[in-house]
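Chemist: Take a look at this one; I'll ask things after.
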Amino acid sequence: MRDHEPFACAPALRLEAHERVSKLQNDALKERFNRLDAVLERLERRLWLTVYGVAGVILAEAIQGLMSAAP
């Protein structure tokens with residue numbers, strides 16, 4: 001009895017190539033999501049700084065108004 005060497009057939013090679021491409025696409029998508037998440041976190045930080053800044057200015061003007069109205 002002879003042992004036959006396994007050979008690569010075209011459908012298996014196509015499937016293997018498709019799996020590699022799919023993995024690369026998924027990895028790239030995950031990386032893009034991670035970068036987007038980092039950008040959103042920075043944007044959220046900036047938004048809160050702006051909100052606190054505006055609130056600080058409003059409070060400062062209110063206190064200044066009270067100080068000028070006091071005898």
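Chemist: Would you kindly derive the ³J(HN,Hα) couplings of region 50-60 from the backbone phi angles with the Karplus curve 6.51 cos²θ - 1.76 cosθ + 1.60 (θ = phi - 60°), listing them in order in whole Hz, with x for Gly and Pro?
Modeler: Going residue by residue, I get 5, 4, 5, x, 5, 4, x, 5, 4, 5, 4 Hz, with x marking Gly and Pro.
Chemist: Would you kindly derive the ³J(HN,Hα) couplings of region 31-46 from the backbone phi angles with the Karplus curve 6.51 cos²θ - 1.76 cosθ + 1.60 (θ = phi - 60°), listing them in order in whole Hz, with x for Gly and Pro?
Modeler: Using θ = phi - 60°, the values come out as 5, 5, 5, 5, 5, 5, 4, 5, 5, 5, 5, 5, 5, 5, 4, 5 Hz.
Chemist: Relative to the present Cα-Cα distance, how much length would full extension add between residue 33 and residue 46 at 0.36 nm per residue of separation?
Modeler: 2.7 nm
Chemist: Still on this structure: So for the pair residue 10, residue 26, with labels modelled 7 Å out along Cα→Cβ, what separation do we get in nm?
Modeler: Inter-label distance under the simple model: 2.8 nm.
Chemist: So what is the calculated 222 nm ellipticity per residue for the chain, using -39500 (n - 2.57) for each DSSP H run with n of 4 or more, over all residues, to the nearest 500 deg cm²/dmol?
Modeler: Numbers: 1 runs with 60 residues, N = 71.
Rounded to the nearest 500, the figure is -32000 deg cm²/dmol.
Chemist: Continuing with the same structure: Which of [x] 11.1, 37; [y] 31.2, 113; [z] 18.6, 61 is the computed Rg and Dmax of the Cα atoms in Å for the structure on display?
Modeler: Evaluating Rg and Dmax of the Cα atoms in Å on these atoms matches [y].
Chemist: Please report the net charge: other residues with Cβ closer than 14 Å to the Cβ of residue 35, K and R +1, D and E -1. Intermediate values should be presented prior to the final figure.
Modeler: Working: positive: 30, 32, 42; negative: 27, 31, 37, 41.
Spelling it out: positives minus negatives among the neighbours equals -1.
Computed from the coordinates by the stated procedures, all read-outs in this text should not be read as laboratory data. The model shown is predicted, which means the values in this text are computed figures rather than measured ones. A quick note on method: Cβ atoms are made from the backbone with ideal geometry, for glycine too, and the neighbour counts reach across all protein chains shown.
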